[in-house]
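Note sheet for the following structure.
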Amino acid sequence: MTKPDRVESWRRVVVVFKLATGGAELGLGITILALSAAGFDRLVGRLLNTGLRHDPNGSVFVFVERHLPALLAGKEWIALGLLALGGLKVAGAVGLLLGRPWAYHLLVALLVLLVPVDAYHVATRPSITGAVLLLLNVGALGILLRYRRALLVVEGG
């Protein structure tokens, strides 16, 4: 595999990963905004009851059950934060796919800001999902930094 092919393959890996995570955050943000507080409360309550029946000591379920009132009180802010973060990730992924230098800088800045937050969450509340996402984000940052020059080449310029 030639170096340009390798760079393009890694570019696509980062793009797919950021489109997936950004799309999930956008979807969750829209869902939270779309549900009324009562509807959201009922939905989360049903999910919690089902989850706690299957795993009474499930850390995710216990955490959500304890923090549900605070989540409901600030759901608009949470939803807006998810929409903003998801939108930035999707914009960065599409821009990177199109070879836009601003997209490279946007994704690197997002990863530099968010990897420490992910690491803190994994350190304070260890989970397989959190650890996998942290490793994927570190990997994406490593790819972006490793292939910086090739990714910042502007065609025709």
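The values are calculated or read from the model by the stated rules, or taken from the named source; none is laboratory data. Just so it is clear, the structure is predicted and the values come from calculations on it, not from any experiment. Here the Cβ is made from the backbone with ideal geometry for all residues, glycine too, and neighbour counts use every protein chain on show.
Would you confirm whether or not the stretch 45-61 contains a residue that is assigned to a helix (DSSP H, G or I), modelled with pLDDT under 75 and buried (at least 18 other Cβ atoms within 10 Å of the Cβ)? Yes: the stretch 45-61 contains one or more residues that are assigned to a helix (DSSP H, G or I), modelled with pLDDT under 75 and buried (at least 18 other Cβ atoms within 10 Å of the Cβ).
Contact annotation: no residue pair with Cβ atoms under 6 Å, 6 or more positions apart or on different chains, pairs a residue in the stretch 141-157 that is closer than 18 Å to Phe17 by Cα with a partner that is of a type in the set (Lys, Arg) and at pLDDT below 90. Please tell me if Val90 is touching a residue at least 60 places away in the same chain (Cβ under 8 Å) and either surrounded by fewer than 17 Cβ atoms within 10 Å (Cβ to Cβ) or assigned to a helix (DSSP H, G or I) (or both). Against the criterion (touching a residue at least 60 places away in the same chain (Cβ under 8 Å) and either surrounded by fewer than 17 Cβ atoms within 10 Å (Cβ to Cβ) or assigned to a helix (DSSP H, G or I) (or both)), Val90 qualifies. Annotation: Gly99 fulfils all but one of (1) part of a helix (DSSP H, G or I); (2) surrounded by 12 or more Cβ atoms within 10 Å (Cβ to Cβ); (3) not aromatic (Phe, Trp, Tyr); the unmet one is (1).
Is it the case that the stretch 110-133 has a residue that's touching a Gly at 6+ places or on another chain (Cβ under 6 Å), over 11 Å from Lys18 (Cα atoms), surrounded by 12 or more Cβ atoms within 10 Å (Cβ to Cβ) and modelled with pLDDT of 95 or more?
no
Of the residues in the stretch 139-152, at least one is at pLDDT below 90, in contact with a helix residue (DSSP H, G or I) (Cβ under 9 Å, 6 or more places away or on another chain) and not in a helix (DSSP H, G or I).
For the stretch 1-17, a residue qualifies if it is exposed (fewer than 14 other Cβ atoms within 10 Å of the Cβ) and either farther than 11 Å from Ala140 by Cβ or over 17 Å from the mean Cα position of the chain (by Cα) (or both), and the qualifying residues are Met1, Thr2, Lys3, Pro4, Asp5, Arg6, Ser9, Arg12.
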